[in-house]
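Encoded as structure tokens, the structure appears first; notes follow it.
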Amino acid sequence: MLSDGIALRLYSDEKQFPKKHQLRIDFDNGTSLFASVQMYGFLEAYSGESDNPYDQLARTKPDVLSDEFDFSYFKSLLEGVDKARLSAKAFLATEQRIPGLGNGVLQDILLYANMSPKRDVKALSDDELLELFHAIKSTLGKMTAQGGRDTEKDLFGQPLGYKTIMCADTYSLPCPRCGGLIRKEAYLGGSVYYCEECQR
Ligand SMILES: [Zn+2]
């Protein structure tokens, strides 16, 4: 079990082993797993089945980057929502509907989808839904390939490789696309950052 604020990485070269860490597990194949708590967080080891409801729910759902998470699966998530209206943030980043997609990664996804966090996803056309689906896949793919967002740090205290476009560090800067103002607002628990011109 892992909370926010934990850096976790597997190393195979002893020269790269981080000095500061709270957990080290050496494996028979010569690799070692290191974990470091960066602000506040926890690591817990269990034997048997986890009874954490978030964990249990996440295990029943496909990973966003897997082939199982395809456009028809994505559409089925929306069809399963029993509400007349639902904002893009509520749909994508609440109720563990898509495990792994939280408020932190949501901002850049919505920029790439040209979509406001408040847009009613129940009223989207198939083309707009497809654009949103591709933005989720490609943005999370990029973040994963580059080791995570630069708003988080690795075990050496260095920012991770993905350059976050919409976040607390950049919102006072002009929008990288249109030069307009990036807005910051508290919305559905946590801040949202978006460009009113590019994201409708
Ligand atoms: Zn813009």
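Quick note: the coordinates plus some simple rules give every number you see, no bench work behind them. Keep in mind that what you see is a predicted model, and the values were worked out from it rather than measured. Using ideal geometry, Cβ is built from the backbone for each residue, glycine included, and neighbour counts are taken over all protein chains shown.
Database remark: amide H of residue 161 closer than 5 angstrom to the amide H of 148 (H placed geometrically; neighbours at sequence offset of 5 or more, or on other chains; Pro and chain starts carry no H).
Straight-line reach from residue 19: taking Cα to Cα under 19 Å and skipping same-chain neighbours fewer than 8 places apart, the aspartates and glutamates in range are 152, 154.
Paramagnetic label reach from residue 168 (point 7 Å along Cα→Cβ; backbone nitrogen cut-off under 17 Å): within region 87-114, residues 102-108. Estimated at 0.36 nm per residue, the fully extended path between residue 42 and residue 27 surpasses their Cα-Cα distance by 3.2 nm. Each residue of region 69-80 was assigned a 3J(HN,Hα) from its phi angle through the Karplus expression (A = 6.51, B = -1.76, C = 1.60, θ = phi - 60°), giving 7, 10, 4, 5, 5, 4, 5, 5, 5, 6, 5, x Hz with x at Gly and Pro. When the GluC sites (Glu not before Pro) in region 113-200 are filtered for DSSP coil states and for at most 15 other beta-carbon atoms within 10 Å of their beta-carbon, the remaining sites are 196, 197.
For region 29-106, applying the loop criterion from DSSP together with a ceiling of 11 other beta carbons within 10 Å to the GluC sites (Glu not before Pro) yields 44, 49, 68, 95.
Could you state, as a whole-number percent, how many of the C-alpha pairs of the chain are farther apart than 24 Å?
Of all Cα-Cα distances in the chain, 48 percent exceed 24 Å.
Which FRET efficiency value, to the nearest 0.05, is calculated for residue 158 and residue 197 with the Förster distance at 41 angstrom and r the Cβ-Cβ distance?
Working: r = 33 Å, r/R0 = 0.82.
That pair, residue 158 with residue 197, gives E of 0.75.
Largest GNM mean-square fluctuation across 174, 117, 53, computed for the chain with C-alpha springs under 10 Å, falls on 53.
Take every pair of alpha-carbon atoms less than 8 Å apart whose residues are at least six positions apart; their mean separation over the length of region 1-129 yields a relative contact order of 19 percent.
Sites listed here are chymotrypsin sites (Phe, Trp or Tyr not before Pro) in region 46-86 whose DSSP assignment is loop and whose Cβ has at most 16 other Cβ atoms within 10 Å: 46. Counting only lysines at least 8 places from residue 122 when in the same chain, those with an alpha carbon closer than 17 Å to its own are 75, 83, 89.
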